[in-house]
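J.: Got a structure for you, questions after.
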Amino acid sequence: GRMERLVIRISGSGALTLTLGGLTPGQWSALRNFIQPSYCGAGLGPALLVSPAPPETVLSGAPAQLKGAINLIASTGAFPAGFSEKFHLLLDNYLRSDYKIDCRGKILDLAGRTHVMGILNATPDSFSDGGRFDAQDRALAHAREMAAEGADIIDIGGESTRPGAAPVPEDEELRRIIPLIERLSEELPVPLSVDTYKASVAEKALKAGAAIVNDISGLRFSPDMARVAADYGAAVVVMHIKGTPRNMQQNPCYDDVVGEIMAYLEESIELAVKAGVDREKIMIDPGIGFGKNLEHNLTLLNRLDEFKSLGRPILLGTSRKKFIGTVLDIPVPDQRVDGTAATVALGIAKGAGIVRVHDVGRMVQVARMADAVVKTNLKHEAPNVK
């Protein structure tokens, strides 16, 4: 019980910020005694105590300094058993970036660079490019074009999940996507992802050659979804949604938007692992626009780095979404490309490993440029960007 009250949040890069919430007066004084602000001013302290007040306290320092500080205060006995272990796990997760996702034999090496997932909507009513790629041949051409422009994954969906969307009958969803997946999985070198929350659709898509299940419900809408993914050795994207596409934008409320979504994604990861999915094949998506208002979406982007402590790569889907239209006063989705570019660059700076986009060629350039600035370990020869 005592551990539940204590909240550990990590953010920042270089000098990290550690927020400890829910401290008891005893824990607070143990902390204060060991980390004297006066020492820190002289550069002697292990970590800098930034906000000197319970119940929420902020420490700042390099990872090694924070580790030292936590070990020190844990040794006082004022903190519950498992406190320093939990902190070390969260910090190791937070600092990790060497993810390699095995998509049924095709490897996404996220350590090297940010990956780009291209959106292929095989739907007549998608919010952004609805109907343009409904015909099979146009969809195939668009997928080939995205791969040529540098997409690392093609995400194929046969049911619109835009706000207010009505569910699509399963046979119709299959009619839209299965022939595409069969053709493209033979033709393209990149892994295909199926954007569905129905286990039966996912299973047929995996049989047809898909390698990733991208589930907007975080494996919640269909009880068999996690098992199906495990059976086929698929990689999985678990996303957070509040409500269903039909009702999710009717006044969504949170007490703590980041904390609640992190807890939801953590549960989704455990659901997958319990069903036999390899933890190393799971990606997380905070679900921008899915049961969130403008303020929620902006907060999630601003604090995206906190999701790194879940220890799985972050997929960010902001492309052309309504919150960008709201900020920029642009009602037409396909005119939101520059706004999207800003969210992609900032998302990468905050730790996104994969970005899901409509405008692949342009966002590949945005991602490469952001990587050149943010990922200091990369070589910067000119990449073969068209």
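The values are calculated or read from the model by the stated rules, or taken from the named source; none is laboratory data. Owing to the predicted nature of the structure, the values given are computational and were not obtained by experimental measurement. As a convention, Cβ positions derive from the backbone with ideal geometry for all residues, glycine included, and neighbour counts pool all protein chains shown. Surface accessibility is based on the protein's heavy atoms, side chains included, excluding ligands, DNA and RNA. Shrake-Rupley method; radii C 1.70, N 1.55, O 1.52, S 1.80 Å.
J.: Show the residue pairs meeting these rules: Cβ distance below 7 Å; 6+ apart or different chains; first residue within segment 353-378 and modelled with pLDDT under 95; second residue crowded, with 16+ Cβ neighbours inside 10 Å and of a type in the set (Asp, Glu).
T.: LEU378/ASP371
J.: What pairs come out if I take residues in segment 79-97 that are closer than 28 Å to HIS115 by Cα and pair them with residues that are among the β-branched types (Val, Ile, Thr) and not in a helix (DSSP H, G or I) whose C-beta lies under 7 Å away, six or more apart or interchain?
T.: So the pair list comes out as LEU90/ILE8; LEU90/ILE10; LEU91/ILE10; TYR94/ILE10.
J.: Find the strands (runs of 3 or more DSSP E) located wholly in segment 1-60 whose residues include 1 or more that are modelled with pLDDT of 70 or more and β-branched (Val, Ile, Thr), and list them.
T.: 7-11, 16-21
J.: Give ILE288, ILE282, ILE261 a once-over and let me know the one that is touching a Pro at 6+ places or on another chain (Cβ under 6 Å), under 17 Å from LEU316 (Cβ atoms) and at pLDDT 95 or above. Before you say what the answer is, go through the steps one by one.
T.: Values: ILE288 fails: touching a Pro at 6+ places or on another chain (Cβ under 6 Å); ILE282 fails: touching a Pro at 6+ places or on another chain (Cβ under 6 Å).
Residue meeting the stated conditions: ILE261.
J.: Which one of these does ARG113 not meet: (1) part of a helix (DSSP H, G or I); (2) more than 29 Å from ASP231 (Cβ to Cβ); (3) modelled with pLDDT of 90 or more?
T.: The single condition ARG113 does not satisfy is (1).
J.: Also, quick follow-up: Anything in segment 297-348 that is within 19 Å of MET248 (Cα to Cα) and hydroxyl-bearing (Ser, Thr, Tyr)? List them, or say none.
T.: THR299, THR318, SER319, THR326
J.: Right, PRO167: modelled with pLDDT under 95, under 21 Å from PRO223 (Cα atoms), open to solvent by 50 Å² or more (accessible area, probe 1.4 Å) and not acidic (Asp, Glu) or not?
T.: Taking the combined requirement at face value, the residue satisfies it.
J.: Can you tell me which residue is farthest from ASN214 (Cα to Cα) among those in segment 305-330 that are surrounded by fewer than 22 Cβ atoms within 10 Å (Cβ to Cβ) and in contact with a Gly (Cβ under 6 Å, 6 or more places away or on another chain)?
T.: If we take residues in segment 305-330 being surrounded by fewer than 22 Cβ atoms within 10 Å (Cβ to Cβ) and in contact with a Gly (Cβ under 6 Å, 6 or more places away or on another chain), then LEU328 is farthest from ASN214 (Cα to Cα).
J.: Mind checking which residues of segment 246-288 are part of a loop (DSSP other than H, G, I, E, B) and open to solvent by 30 Å² or more (accessible area, probe 1.4 Å)?
T.: As a first pass, look at segment 246-288 and keep what is part of a loop (DSSP other than H, G, I, E, B): 246-256, 275-278, 286-288.
Residues satisfying the conditions are ARG246, ASN247, GLN249, GLN250, ASN251, CYS253, TYR254, ASP255, ASP256, ALA275, GLY276, ASP278.
J.: Right, another one. Can you pull out the residues in segment 318-350 that are among the small types (Gly, Ala, Ser) and free of Cβ contacts under 8 Å to residues at least 60 places away in the same chain?
T.: Going residue by residue through segment 318-350, those that are among the small types (Gly, Ala, Ser) are 319, 325, 339, 341-342, 345, 347, 349.
Across segment 318-350, the qualifying residues are GLY325, GLY339, ALA341, ALA342, ALA345, GLY347, ALA349.
J.: Considering only segment 153-245, give the helices (runs of 4 or more DSSP H) lying wholly within it that have at least 3 residues that are touching a strand residue (DSSP E or B) at 6+ places or on another chain (Cβ under 8 Å) and farther than 18 Å from ILE284 by Cα.
T.: Details: elements: 170-187, 199-208, 225-231.
Answer list for segment 153-245: 170-187, 199-208.
J.: VAL228: more than 21 Å from ASP102 (Cβ to Cβ), surrounded by 18 or more Cβ atoms within 10 Å (Cβ to Cβ) and in contact with an Asp or Glu (Cβ under 6 Å, 6 or more places away or on another chain), yes or no? Step through it out loud before you land on a result.
T.: Numbers: more than 21 Å from ASP102 (Cβ to Cβ): no; surrounded by 18 or more Cβ atoms within 10 Å (Cβ to Cβ): yes; in contact with an Asp or Glu (Cβ under 6 Å, 6 or more places away or on another chain): yes.
Criteria not met by VAL228.
J.: Filter segment 117-150 down to residues that are under 19 Å from ILE181 (Cβ atoms) and within 21 Å of the chain's Cα centre (by Cα) and give me whichever is modelled with the lowest pLDDT.
T.: ASN121
J.: So the check is Cβ under 6 Å with 6+ separation or different chains; which pairs have a first residue in segment 101-122 that's without any contact (Cβ under 8 Å) to a residue 60 or more places away in the chain and a second one that's of a type in the set (Asp, Glu) and not in a strand (DSSP E or B)?
T.: Listed pairs, sorted by first residue: ALA111/ASP98; ASN121/ASP129.
J.: Hey, another quick one. Are any residues in segment 68-89 closer than 20 Å to PRO25 by Cβ, open to solvent by 60 Å² or more (accessible area, probe 1.4 Å) and among the polar types (S, T, N, Q), and if so, which ones?
T.: Once the filter is applied, which keeps residues that are closer than 20 Å to PRO25 by Cβ, open to solvent by 60 Å² or more (accessible area, probe 1.4 Å) and among the polar types (S, T, N, Q), segment 68-89 yields only SER75.
J.: Any residue in segment 253-275 that is closer than 24 Å to ALA226 by Cβ sitting within a Cβ distance under 7 Å of a residue that is crowded, with 20+ Cβ neighbours inside 10 Å and β-branched (Val, Ile, Thr)? List the pairs, counting only those 6 or more apart or interchain.
T.: Partner pairs satisfying both residue conditions: LEU265/VAL238; LEU265/ILE284; SER268/VAL238; ILE269/VAL238; ILE269/ILE282; ALA272/VAL236; ALA272/VAL238; ALA272/ILE282.
J.: Now for a different question. Which condition breaks for GLY339 when tested against (1) under 27 Å from LYS281 (Cα atoms); (2) buried (at least 16 other Cβ atoms within 10 Å of the Cβ)?
T.: Result: GLY339 passes all but (1).
J.: In segment 104-118, what residues are surrounded by 20 or more Cβ atoms within 10 Å (Cβ to Cβ) and either out of contact with any Gly (no Cβ under 7 Å at 6 or more places or on another chain) or of a type in the set (Ser, Thr, Tyr) (or both)?
T.: Those that are surrounded by 20 or more Cβ atoms within 10 Å (Cβ to Cβ) and either out of contact with any Gly (no Cβ under 7 Å at 6 or more places or on another chain) or of a type in the set (Ser, Thr, Tyr) (or both): LEU108, THR114, MET117, GLY118.
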